[in-house]
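K.L.:
Have a look at this one.
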Amino acid sequence: MYTTLTDLTNKVAIVTGGSRGIGFECATALRENGASVIIAGRDPVQGVESARRLEAQYLPLDVANAEQVKQVTNTIVERYGQLDIAVNNSGQSLCVAAEKCSDDQWQKMMDTNLNGLFYCCREFGRAMLRQGKGSIVNISSISGLISNVPQPQSAYNTSKAGAIQLTKSLAAEWAKRGVRVNAVSPGYVETDMTRGALEKRHDWVAVWQQFTPMVRVGQPTEVAGAVLFLASDAASFFTGSNLIIDGGYTCW
């Protein structure tokens, strides 16, 4: 019985921001467990190459564009007849002091990390609600739970806190209609997004490791396993949950 719980054969999954980093590892985990996977993102060169590596499909998508999200959803349903799993991974980071954060910087952060997340949940959720089943996994962050140090990132933190609350709200709304909505909140993970800081801001990294009981940063594969769990029938009684994957950072 338990060996089949993560079997995603005949399931259709979309991973936004799935061409690299955490998103690519999530797409890999879903594909290796039998799902038909669509990688969606803004970089067509990387997207096509990543999809080729996984024998998946690439669709161009800017999650901050509500109409594009709707079109991508319609395309998937038309081609596959269903949408079973959505991993909403697209996002961006910003480290800037609050008093120096411009209106444009704030708006771009919210457009991608929060507005875009809502657009994806809404459209993917509509498709799942019509079929009476589905699983949505939102990639949030420990930054939605704590205020990071030493880097200033109030805009990013706010967007990720919103992602967690959106997850809980949608889970409550859709639970009786067959759609589960969960989140994962990684701590410091080695990706393209964080590599610059890991390589150049050794003062920051020293603080991150000091406050991490495991005394290291995580790897994208360590996040993908949790996403696979939440997406699969192994998590059939999970909804509204937020799995923290941070090497113990938030336990102090």
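K.L.:
Tell me, which residue of region 51-70 that is without any contact (Cβ under 8 Å) to a residue 12 or more places away in the chain and exposed (fewer than 15 other Cβ atoms within 10 Å of the Cβ) is farthest from Ser36 (Cα to Cα)?
P.N.:
Within region 51-70, the match that is farthest from Ser36 (Cα to Cα) is Glu67.
K.L.:
When both residues are 6+ apart or on different chains and their Cβ atoms are under 7 Å apart, which pairs have a first residue that lies in region 102-115 and is closer than 16 Å to Gln68 by Cα and acidic (Asp, Glu), and a second that is surrounded by 13 or more Cβ atoms within 10 Å (Cβ to Cβ) and modelled with pLDDT of 95 or more?
P.N.:
Asp111/Ala64
K.L.:
A follow-up question, please. Might you let me know whether region 113-120 holds any residue that is assigned to a helix (DSSP H, G or I), in contact with a Leu (Cβ under 8 Å, 6 or more places away or on another chain) and under 22 Å from Leu228 (Cα atoms)?
P.N.:
Initially, region 113-120 is screened for residues assigned to a helix (DSSP H, G or I), giving 113-120.
Still in the list and also in contact with a Leu (Cβ under 8 Å, 6 or more places away or on another chain): 114, 117-118.
If we keep only those that are under 22 Å from Leu228 (Cα atoms) as well, we get 117-118.
Checked against the condition, which is being assigned to a helix (DSSP H, G or I), in contact with a Leu (Cβ under 8 Å, 6 or more places away or on another chain) and under 22 Å from Leu228 (Cα atoms), region 113-120 yields at least one hit.
K.L.:
With respect to the numbered conditions (1) in a helix (DSSP H, G or I); (2) surrounded by fewer than 20 Cβ atoms within 10 Å (Cβ to Cβ); (3) in contact with a Ser or Thr (Cβ under 9 Å, 6 or more places away or on another chain); (4) at pLDDT 95 or above, which one is the sole condition not fulfilled by Ala127?
P.N.:
(2)
K.L.:
Can you name every residue in region 84-101 that is in contact (Cβ under 8 Å) with a residue 12 or more places away in the chain and assigned to a helix (DSSP H, G or I)?
P.N.:
Let us first name the residues in region 84-101 that are in contact (Cβ under 8 Å) with a residue 12 or more places away in the chain, namely 84-98, 101.
Selection gives Ala98 alone.
K.L.:
Hey, does region 55-65 have a residue that's aromatic (Phe, Trp, Tyr) and farther than 18 Å from Asp192 by Cα? Outline the logic, then answer.
P.N.:
At the first step, the residues of region 55-65 found to be aromatic (Phe, Trp, Tyr) are 58.
Okay, now just the ones that are also farther than 18 Å from Asp192 by Cα, so 58.
The answer is yes, given that some residue of region 55-65 is aromatic (Phe, Trp, Tyr) and farther than 18 Å from Asp192 by Cα.
K.L.:
Looking at Thr194, Thr158, Thr212, can you tell me which residue is over 15 Å from the mean Cα position of the chain (by Cα), β-branched (Val, Ile, Thr) and over 26 Å from Gln107 (Cβ atoms)? First the steps, then the outcome.
P.N.:
Numbers: Thr194 fails: over 26 Å from Gln107 (Cβ atoms); Thr158 fails: over 26 Å from Gln107 (Cβ atoms).
Testing whether each residue is over 15 Å from the mean Cα position of the chain (by Cα), β-branched (Val, Ile, Thr) and over 26 Å from Gln107 (Cβ atoms) leaves just Thr212.
K.L.:
Select from region 16-40 the residues that are among the small types (Gly, Ala, Ser), touching a residue at least 40 places away in the same chain (Cβ under 8 Å) and surrounded by fewer than 24 Cβ atoms within 10 Å (Cβ to Cβ) and list them in ascending order.
P.N.:
Selection gives Gly21, Ser36.
K.L.:
Same structure, new question: When you look at Ser141, is it under 30 Å from Gly248 (Cβ atoms), touching a Pro at 6+ places or on another chain (Cβ under 7 Å) and touching a residue at least 12 places away in the same chain (Cβ under 8 Å), yes or no? Show your work before the answer.
P.N.:
Numbers: under 30 Å from Gly248 (Cβ atoms): yes; touching a Pro at 6+ places or on another chain (Cβ under 7 Å): yes; touching a residue at least 12 places away in the same chain (Cβ under 8 Å): yes.
It is true that Ser141 is under 30 Å from Gly248 (Cβ atoms), touching a Pro at 6+ places or on another chain (Cβ under 7 Å) and touching a residue at least 12 places away in the same chain (Cβ under 8 Å).
K.L.:
A follow-up question, please. Against the conditions (1) crowded, with 21+ Cβ neighbours inside 10 Å; (2) within 30 Å of Lys108 (Cβ to Cβ); (3) of a type in the set (Lys, Arg), where does Lys11 fall short? Just the number, please.
P.N.:
Looking at each condition in turn, Lys11 falls short on (2).
K.L.:
Would you be able to tell me the number of residues in region 9-64 that are under 13 Å from Ala86 (Cβ atoms) and in a loop (DSSP other than H, G, I, E, B)?
P.N.:
6
K.L.:
Going by the conditions given, is Gly91 under 21 Å from the mean Cα position of the chain (by Cα) and of a type outside the set (S, T, N, Q)?
P.N.:
Details: under 21 Å from the mean Cα position of the chain (by Cα): yes; of a type outside the set (S, T, N, Q): yes.
Yes; evaluated as a whole, the condition is true for this residue.
K.L.:
Going by what's in this entry, would Ala40 be described as of a type in the set (A, V, I, L, M) and under 15 Å from Gly91 (Cβ atoms)? If you could, list the steps in order and put the result at the bottom.
P.N.:
On the way: of a type in the set (A, V, I, L, M): yes; under 15 Å from Gly91 (Cβ atoms): yes.
Here the answer is yes, as Ala40 does meet what is asked.
K.L.:
Could I ask something else about it? Going through region 215-252 one residue at a time, which ones are under 15 Å from the mean Cα position of the chain (by Cα) and farther than 18 Å from Cys26 by Cβ?
P.N.:
Once the filter is applied, which keeps residues that are under 15 Å from the mean Cα position of the chain (by Cα) and farther than 18 Å from Cys26 by Cβ, region 215-252 yields only Gly240.
The values are calculated or read from the model by the stated rules, or taken from the named source; none is laboratory data. Values in this document were obtained by computation on a predicted structure and should not be read as measured data. Cβ coordinates were reconstructed from backbone atoms using ideal geometry, including for glycine residues, and neighbour counts include every protein chain displayed.
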